[in-house]
Each structure stands twice: as C-alpha cells, then as structure tokens.
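Undergrad: Below: one structure in structure tokens.
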Amino acid sequence: MNKISLRIYPDEVLRTVCSEISNIDSNIVKIVESMKEIMIKEKGIGLAGPQVGLTKRLFITQDFSKNDTLDFLVMINPKIKEKFGEVSSKEGCLSIPGYYDYIPRFDNISVEYVDLNGDLNSKVFESMQSIVFQHELDHLDGILFPDRLAKIRKEIFFKKINKEFKK
C-alpha cells in the first residue's frame, strides 16, 4: 500500500463518484488508521476516502457522542434513509483549506453504514454529527461543500478558490 496523503483542491480525485466496498480487508483497516492520523494532525472532524486518494465509499468522523475527540466512527457504504429539519451550518474542508461558508443541511438524519467489523449499523444523527455525516457523504459522490451554495455565491466562491489554488 502506498502512503496516503491529504488531497487538496483542485485534485481531480475529489470529484470522483466512489464505488462501494465489498470486502473489508487488512488494506482497508490500514487506510482507516492512516486517515485517523491525518485527521488528528490536521485537526479535522471528518475525512472521506477521496480526500486521501481512495475512491471507495468510506469516511471517518469524530464521534460527537463521546467526550474524547480521539473517538472515531468509521462508516463504510453509508446511506441516508431519512432526513428532516433544515439548518444552515458554517463549513470548511481539509481539502479546501482556509475557506468557509454557510451550507444548507438537514439537522436530523437516519442513516445506515457498515462499520470496520462488517456490522450493519442503523442510527439517527442530529446536529453536528448529522452535518458532518452529510458533508463526508457528499465527498463520496464527488461533491464539495461549495457546490451546495446558491448559484451566484457558488460562482463567486469557485472563482476565488480557483484563483488561489491554481497559482
């Protein structure tokens, strides 16, 4: 396995629609451990496969139900089953460093995902856990948080970051 590293916009892998994981093997476990290290180093609260060059449906998030910021949820082949309660959240992204904006999200979601043990989990997430889940799930579909902005704000945002990141 090659050493993984954080991918930064405009890296094309960030626009990739990821494929499902059919087998949780030792390679996936190693990738997850590397993702945790990157997330800790970068002080992130979530990290998706494409952000480290992996085009598989996998992300990790801080477990906001725990007091310890080193508790993680590993979510493989995640899906939103139900969503309700709209909210606007100020978001940023490790792959677009230094940029933030308010993004419309759902405050409560019902989800399914497979954990690292291969067990199917059904949970209801609210508030920050819900927002981070949606942000990371977007990464698995090649969607970056500015894509969720209204048309004119999105155009301004991408003009600004394209100018900055393509220097």
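Undergrad: Give me the residue from region 11-25 that is among the polar types (S, T, N, Q) and touching a residue at least 24 places away in the same chain (Cβ under 8 Å) and, out of that set, surrounded by the fewest Cβ atoms within 10 Å (Cβ to Cβ).
TA: Within region 11-25, the match that is surrounded by the fewest Cβ atoms within 10 Å (Cβ to Cβ) is Ser19.
Undergrad: Just checking, how many residues over region 62-98 are among the polar types (S, T, N, Q) and either without any contact (Cβ under 8 Å) to a residue 40 or more places away in the chain or touching a Ser or Thr at 6+ places or on another chain (Cβ under 8 Å) (or both)?
TA: Summing the residues that are among the polar types (S, T, N, Q) and either without any contact (Cβ under 8 Å) to a residue 40 or more places away in the chain or touching a Ser or Thr at 6+ places or on another chain (Cβ under 8 Å) (or both) in region 62-98 gives 4.
Undergrad: Hey, can you tell me all the residues within region 140-153 that are under 10 Å from the mean Cα position of the chain (by Cα), in a helix (DSSP H, G or I) and not aromatic (Phe, Trp, Tyr)?
TA: Passing the criteria: only Leu140.
Undergrad: Let me ask something additional. Test Ile76 against the stated conditions and say whether it is more than 24 Å from Lys154 (Cβ to Cβ), of a type in the set (Val, Ile, Thr) and touching a Leu at 6+ places or on another chain (Cβ under 9 Å).
TA: Criteria met by Ile76.
Undergrad: Next up: Could you check how many residues of region 110-139 are of a type outside the set (A, V, I, L, M, F, W, C) and in a strand (DSSP E or B)?
TA: Final tally of qualifying residues: 7.
Undergrad: Something else about it: Could you please let me know if Lys163 is in a strand (DSSP E or B), loosely packed, with under 14 Cβ neighbours inside 10 Å and either basic (Lys, Arg) or in contact with a Lys or Arg (Cβ under 9 Å, 6 or more places away or on another chain) (or both)?
TA: no
Each reported figure results from applying straightforward, stated rules to the coordinates on display, with no laboratory input. Treat the numbers as computed from the prediction; the structure is a model and nothing was measured. Cβ sites come from the backbone with ideal geometry, for glycine too, and all protein chains shown count toward neighbours.
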